[in-house]
1. If you keep only loop residues by DSSP, which trypsin sites (Lys or Arg not before Pro) in region 42-119 have at most 14 other Cβ atoms within 10 Å of their Cβ?
2. What are the ³J(HN,Hα) values, in whole Hz, obtained from phi via the Karplus relation 6.51 cos²θ - 1.76 cosθ + 1.60 with θ = phi - 60°, for each residue of region 106-112 in sequence order, with x given for Gly and Pro?
3. Just check region 7-73 against the gyration tensor rule for me: Cα atoms, a ≥ b ≥ c as the square roots of the eigenvalues, rounded for a/c under 1.5, and otherwise prolate or oblate depending on whether a/b exceeds b/c.
4. What shape does the chain take by its C-alpha gyration tensor, where a ≥ b ≥ c are the square roots of the eigenvalues and a/c under 1.5 counts as rounded, a/b above b/c as prolate, and the rest as oblate?
5. What is the set of long-range amide H partners of Gly65 at a cut-off below 5 Å, with H atoms built 1.01 Å from backbone N?
6. Once phi is turned into ³J(HN,Hα) by the Karplus curve 6.51 cos²θ - 1.76 cosθ + 1.60 with θ = phi - 60°, what whole-Hz value does each residue of region 9-16 show in order, with x for glycine and proline?
7. Quick one: of the DSSP bridges fully inside the chain, what percent are antiparallel, nearest 5?
8. Find the centroid of the Cα atoms in region 17-74 and in region 217-238, then give the distance between the two in whole Å.
Amino acid sequence: MKDIVFEKNVSLKEYTTFKVGGPAKYFFAAKNKDELASALQLAKEKKLDVFVFGGGSNLLMSDKGFKGLVVKIEISGMEFSDSKAVVGGGVCLSKFANAVGKNGFTGFEWAIGIPQATVGGAVYGNAQAFGFRISDNIELVEVFDRKTFKLKTFSKEQCKFTLKNSAFKKNKNLIVISVVFNLQKGNEAEIKENVAKFLKHRKQSHPLNFPSAGSVFVNPEKKGQVTPAGFLIEKAGLKGKKIGNAQISEKHANFIINLGGAKAKDVLALIRLAQKKVKENSKINLETEIQQIGF
């Protein structure tokens, strides 16, 4: 085990795309699997609660912060060979998607422009957009089991991917270290065209000028029929609704934005209001896509 030192009282506000959240009592950025193992071993010895995250793009951290150890996964590295890529869990998803295209492969144009998300976080929540899912291209996922302190390799089937879910989301002991993707050769002009199309859609439809965590709720699915959560929230009359300096976006109702100086409690209040009103109005339970920590 490596000798490591935890930072103390680190503000988590700058580590989340919402730009809200209190301090972590202890904080550590793990740049490889050995550092991760050492940090978790030290936390175990100190009997600290541990929270592990990637880019902070799908996270609502309490204003009170976190009383234990927060570990940020910064495990990097991208290797392309033939029709495969091996990628570290801490690699920025958008950066990887760009590299996929530059290496002449297709299938990840949808992920370019997603702010701060990491490959590990995207696998954890089976990220998707425009009808594509990250699980579409996965062959293997290497994880660190913080319960047994052992490395494990999961096949795609063992990952149990469903809509915005995975085995790793259900078992928080499993931390994504690296991922092996299967890739398909693409046409350079078509790749550029797809990237431009998806970026244009994001710019037109998403409130990119304000801090947010992207889609707050999973689009409900029943009998194969998916209903956009934003449509249900708008139908409930909540588009543009403000609590404190947090607002349900007027541009896309499945986004909650920070107008400047918002508190986590304001965002949480809007989440609960949306769930309550949609339940009353449409008889549908909205499930949150974002993690809520410290509440």
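Any read-out appearing in this document is the output of simple, stated calculations on the displayed coordinates, not a laboratory observation. If you're wondering where the values come from, they're calculated on a predicted model, not measured in any experiment. Note that we place each Cβ from the backbone using ideal geometry, even for glycine, and neighbour counts take in every protein chain shown.
1. Lys46, Lys47, Lys64
2. Along region 106-112, the couplings run 10, x, 10, 4, 4, 8, 6 Hz.
3. Oblate.
4. Cα axes put the chain in the oblate bin.
5. Gly22
6. Karplus values, whole Hz, x for Gly and Pro: 6, 8, 5, 8, 4, 7, 9, 10.
7. Of those bridges, close to 75 percent are antiparallel.
8. 32
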